[in-house]
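The values are calculated or read from the model by the stated rules, or taken from the named source; none is laboratory data. As the structure is a prediction and not an experimental result, all values here were calculated from the model. Using ideal geometry, Cβ is built from the backbone for each residue, glycine included, and neighbour counts are taken over all protein chains shown. Note: accessible area is taken over every heavy atom of the protein model, side chains too, but ligands, DNA and RNA are not part of it. Shrake-Rupley method; radii C 1.70, N 1.55, O 1.52, S 1.80 Å.
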Amino acid sequence: MSDHEQQSAPRRGKALDALTRAERKVFTRPAPKSAKAQVKFLLTRAKGSTKALAERLGVSRRTVERYRAGTLTTPQKRLQAALVEETESEWQPQVRAQAREQATTSSGMMVEVTAYFGFTCTGSSDDGRIRTITTPISPTYARQILELQESGATEEDLHPIVAEAITESYFTEWGTRADGLRADFTHVQAIEFLF
């Protein structure tokens, strides 16, 4: 792959990757690790179609058949990454759905973000600066964030909602102080969600 192709490949973004990691942390059993086990699992999801799985992984049908039979055991890095990603994205859908449902109806989520926070409000406020903030997000905001993720939102679409959730929870303490404060964040260095 050329440098140009690598640069033009779409990047998911830190918040979207963090949501994916949070979902995968709720697994109750580990996903298959060997290439043979991953291929067998993915074939069950593809209803046994080696053609469909080969297209999904970007390899030939014969390659899929060889991994299923165990004659090939050590995939190249690109195929290994595709196997892990596809397996984990399909693994335990009911467990992920339950965690998402609980987050959107009762428990909400936790978020930890390290970013540059700037503020607007009536009156005075601290100047913007890099902060690391860990705070709960209400089920209402968790629902909005997860719906945006499901609809294919970009990183830029998620940031305002996450910033609003952090403002409500952390800076205004659910509306008990700093009336009218609005926090925005940019230059995200790290972000993690937890169901």
Carbon + sulfur, % of accessible area of the chain - ligands and nucleic acids excluded, 1.4 Å: 50 percent
Labelled set [x] 28; [y] 32; [z] 44; percent of Cα pairs over 27 Å apart computed from this model equals the value at [z]
By a straight-distance test (C-alpha under 24 Å), which lysines pair with Lys51 as possible cross-link partners, with residues fewer than eight away in the same chain excluded? Lys33, Lys36, Lys40, Lys77
Choose one answer from Ala115, Ala69, Ala22: the residue with the largest mean-square fluctuation in a GNM of the chain with alpha-carbon springs under 10 Å. Ala69
Could you tell me how many degrees, from 0 to 90 and to the nearest 10, lie between the Cα long axis of helix 77-90 and the main elongation axis, the longest principal axis, of the Cα atoms of the chain? 70 degrees
Hz values of 3J(HN,Hα) by residue in segment 33-41 - Karplus curve (6.51, -1.76, 1.60), Gly and Pro given as x: 9, 7, 4, 4, 5, 5, 5, 4, 4
Size of electric dipole in the chain: Cβ of Lys, Arg +1 and of Asp, Glu -1, about Cα centre, debye, nearest 20: 1580 debye
Nearest 10 degrees, 0 to 90: helix 93-102 Cα axis against the chain principal axis: 10 degrees
Only four residue types carry charge here, +1 at the Cβ of Lys and Arg and -1 at the Cβ of Asp and Glu. Report the dipole size of segment 45-147 about the Cα centre in Debye, rounded to the nearest 20. 740 debye
For the chain: accessible area per residue (Å², 1.4 Å): 59 Å²
Dividing the mean separation of Cα pairs under 8 Å (6+ apart) by the residue count of the chain yields a relative contact order in percent of 26 percent
Sorting His159, Val95, Thr74 by the position of each Cα along the dipole of the chain (Lys, Arg +1; Asp, Glu -1; all at Cβ), the one nearest the positive end of that ordering is Thr74
